[in-house]
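The structure appears right after this line, and notes come after that.
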Amino acid sequence: MKHLRRLCRAAPPWAVLLTIAALAAGINAVLVSLNPPVPRVHDEFSYLLAADTFASGRLTNPTHTHWPHFETMHVIQKPSYQAKYPPGQAVLLAAGQRLLGDPIAGVCLATGLCAAASVWMLRAFAPPVWAAIGGLLVALHAGIQLQWGMCFWGGALAMAAGSLVVGGAARLARRHAPLAGAASAFAAGAVGLAVTRPFEGFISVCMAAVVVAGVWITRGGPTWRAVAVGVIAPAGLIGAVGLGLIGTYNAAVTGTPLKMPYMVYERDYGVTPIFVWQQPNLEQRYLNPVLERFNYAAAMWSYRQQQTWQGLLTMKTWFSRCVLEFFFQAPVALALLAAGWVRRRWLLPWLAVALTTWAAACMTVWMFPHYLAPVAPVLLLLTVTGLRTFRTLERRLPPGRRWLTPTLLAAQAALFAAAAYDQVDASRTTWAHGRHAFEQQLLSTPGEDLVMVRYRPDHNVHDEWVYNRADIDNAPVVWARELNAESDCRLIDYFAGRRVWLMLADERPLRLMPYPGPPREAPSPDAATGPSRGLATAGAGLGRAAE
C-alpha cells in the first residue's frame, strides 16, 4: 500500500484513472480471448441486433416482408425491426463491432469505463490511494469481470453511469466545490442510466438529488444565482441533448418520441406485467407456439410465484440473496461492509439511496444483479470505507503487525483468480456453442444460406435459434422458424439462390441437414458440399455433450 500511495501522489489523477481503466479492460480482454463468450440468453441476442443496426449506420430496420418467420423473444417486428431494450449497451457493442470487428470489445470498453468512473466517484469521499484501491476492486471483481464482462447484456455501463451520478452529487453537496463540472457529470450519468436502466436509474437519480438538496437545506448551499448558472444551466443542456437523442431514437423505432421500443414489445407480445401488483395480459395471441409458451409459461413463472404473501417474500428473498452474492462474493466483504458505515453518519444518506432503489426493484416481477447496477457504486463505497476502518484500527498495532488489510486485498485477488480459472475452463458444449459452431461453418463456405428451424412440442423455450442480423436479406446466414407449408414455401422462394437447410434443434445429437421439403428438390446427402458433413460432425459432438 505504501508504494500505491506514493504512485497516487506522484501521478496526476487522470493518469491513475487511465491506468486502472486499462487494467480492468485488459483483464476482461484476456478472459474473453481465452474463452470467447457466445450469446445464449434472449436478451444478449436482442442487444446484438441493436448493435449490428447501429454499426450499420441505422437507428432501426424496416419490417421484413416475411417477418412472422423471424419473430423471436425481446425483438419487435412492427412498426420496425429492432431490439426492445434501451440503446446504451448496444452503442458500446456497436463501437466494438465497428472498431475492432467484435462486439465483445465494447464489453471490455464498458468494464474499463466502469473502473475509471468508480475511481472518480470515490475521490469525492476518500483519499486518492483509497479511490485507486476501489478501482482495483472493480478490476478484480468476479461479478463484474466474469458475469457482466463475459456476456453481451451488460451492467458495467450502468454502474459507470451510476458512479457519475453519485460522484457528481457528492461534489455538489460541497458548498465550496465547483458546481458546473459536478452538475455536468451528474447529468451525464443520469442520461447514461436513462439509456441503460431507466426505471432503477430514475429512482437512484431522484434519491441522489434529494441527498444534495438535504445537505443544501440543512447546512447551507450555494446562492440561487450560483445554482442557476453552475447547476441548472449545464445539467439542463446535457439533459436536453440526452432526451433529444432518446426521443429521436424512439421516433425512428416506434414512430413516437415518447414511446419506447420496450412499450411496443410489451403491447404486442407481453403477458407478464412489469410490477407484481399488475394484472397479466391473458388475451395475447401469437403466430407460433414457441413464443406463446415462452410468454404464457416461462415468463409468467416468477409472477405466479409472487401472488401470495409467502411466495412474494420467498421470491424477493431469493432475488436479494442473488444480488448480495453477486456484489459481495466473499464473507470478508460483508465484514468490511459492517465495519464501514456503522459509525459514519455521512454514509447513511447514500445507504438510503441504495435501499430505496433496491425497494423499487423489488416491485418488479424479476430482479437480477444488473438491475441494481445504478447503485453498485454505493456498495463499492461502503466496502472501501470498511477497508479504511480496518486500516485505521491497524495503526494502533506495531508496524510489523499491520498486515490485515493487505491480506484481505490479497485474498480478494486470489478468489478472483480462482473464479477466473473456472470461467476460462468452463464447458463450450452448450446449445449456444452448437448454434455458434453451425453458423461459423456455414459462414466459412462460399454462398448464402437459409436455415429453417424446426422445434418439437417439448422444445426448451430458453434455447432459441431464430435470431438474425439487422439486414436480414443481405445476411450470409438467415435463421427462420417453420410455420406452415404454404408460408414456408413462400419464404424459400423469396430467398431463392440460397442453400436451404433444416435445423432439428431438439435432436440429440443436433442435426443440420439439407431441407427435404417442397417447393424445390433438396440436394442428396452425397451431393452436399463441405458444410453438411462438417456440421453433422460438430452437431454430433455437441449433442452428445448436451445429453
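The values are calculated or read from the model by the stated rules, or taken from the named source; none is laboratory data. Owing to the predicted nature of the structure, the values given are computational and were not obtained by experimental measurement. Virtual Cβ from ideal backbone geometry, glycine too; neighbours counted across all protein chains shown. Only protein heavy atoms, including side chains, enter the accessible area calculation; ligands, DNA and RNA are left aside. Shrake-Rupley method; radii C 1.70, N 1.55, O 1.52, S 1.80 Å.
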**Item:** Approximate spin-label separation ALA410-LEU4, in nm, with each point projected 7 Å along Cα-to-Cβ
**Value:** 1.4
**Prompt:** Got a sec to turn the phi values of segment 413-426 into Karplus ³J(HN,Hα) couplings, 6.51 cos²θ - 1.76 cosθ + 1.60 with θ = phi - 60°, whole Hz, x for Gly and Pro?
**Reply:** 5, 5, 4, 5, 4, 5, 5, 5, 4, 4, 5, 5, 8, 5
**Hypothetical label at ASP102: residues of segment 30-45 whose amide nitrogen lies under 18 Å (7 Å Cα-Cβ projection)** = 30-40, 45
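Rolling a 1.4 angstrom probe over the protein heavy atoms, how many square angstrom per residue are accessible across the chain?
Numbers: 24990 Å² over 547 residues.
Averaged over the residues of the chain, the accessible area is 46 Å².
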**Message:** Rounded, prolate or oblate, given the Cα gyration tensor of segment 119-200, with a/c below 1.5 counting as rounded?
**Reply:** oblate
**Request:** Send over the Kirkwood Rh of segment 94-233, from the inverse of the averaged 1/r over different Cα pairs, rounded to one decimal Å.
**Result:** 15.9
**Three-way shape call for segment 240-328 based on the alpha-carbon gyration tensor, with the a/c threshold at 1.5** = oblate
**Prompt:** So how exposed is GLU464, as accessible area in Å² (1.4 Å probe, rounded to 10)?
**Reply:** 0
**Asked** How much length, in nm to one decimal, is gained on full extension between SER444 and ALA233, taken as 0.36 nm per residue of separation minus their Cα-Cα distance?
**Response** 70.5 nm
**Complete:** Taking a crude spin-label model, label points 7 Å out from Cα along the C-beta direction, the LEU312 to ASP473 distance in nm is 5.1
**Asked** Given H placed on each backbone N at 1.01 Å, which residues far from VAL500 in sequence or on other chains put an amide H within less than 5 Å of it?
**Response** LEU450, TYR515
**Item:** Heavy-atom accessible surface of the chain: percent carbon and sulfur, 1.4 Å
**Value:** 64
**Fill in**
The long-range amide H neighbours of ASN61, using H built 1.01 Å from N in the peptide plane and a cut-off of under 5 Å, are TYR81
**Message:** So, R0 is 35 Å and r is the distance between the beta-carbons of CYS362 and ALA180; what FRET efficiency does that work out to, to 0.05?
**Reply:** 0.45
**Request:** Over all alpha-carbon pairs of segment 368-517, lay out the pair-distance distribution in 10 Å bins, whole %, shortest bin first.
**Result:** 9, 25, 20, 13, 13, 11, 7, 3, 0
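Report the per residue volume, in Å³, of the convex hull enclosing the C-alpha atoms of the chain.
Working: hull volume 91.9 nm³, N = 547.
About 168 Å³ per residue, rounded to a whole number.
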**Asked** Which value, in Å² and to the nearest 10, is the accessible area of SER444 when all protein chains are kept and the probe is 1.4 Å?
**Response** 90
**Request:** Please give the contour-minus-distance gain from ASP425 to ARG508: 0.36 nm per residue of separation, less the Cα-Cα distance, rounded to one decimal in nm.
**Result:** 27.5 nm
**For segment 269-286, 3J(HN,Hα) per residue [Karplus equation, 6.51 cos²θ - 1.76 cosθ + 1.60, θ = phi - 60°, Hz, x = Gly/Pro]** = 10, x, 10, 6, x, 7, 9, 5, 8, 7, 9, x, 8, 7, 9, 5, 10, 9
**Request:** Using only C-alpha positions, report the orientation-averaged shadow area of the convex hull of segment 25-89, nm², one decimal.
**Result:** 5.5
**Message:** Just to verify a number: what accessible area does LYS316 come out at with the full protein assembly present, 1.4 Å probe, Å² rounded to tens?
**Reply:** 20
**Asked** Which whole-Hz ³J(HN,Hα) couplings does segment 139-150 yield from phi under the Karplus relation 6.51 cos²θ - 1.76 cosθ + 1.60, θ = phi - 60°, glycine and proline marked x?
**Response** 5, 10, 8, 4, x, 5, 7, 9, 10, 4, x, 10
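Given 0.36 nm per residue, what is the gain on full extension from TRP277 to ARG344 after removing their alpha carbon distance, in nm? Before the final figure, lay out each step's value.
Working: separation 67, 0.36 × 67 = 24.12 nm, distance 3.69 nm.
This chain segment gains 20.4 nm when fully extended.
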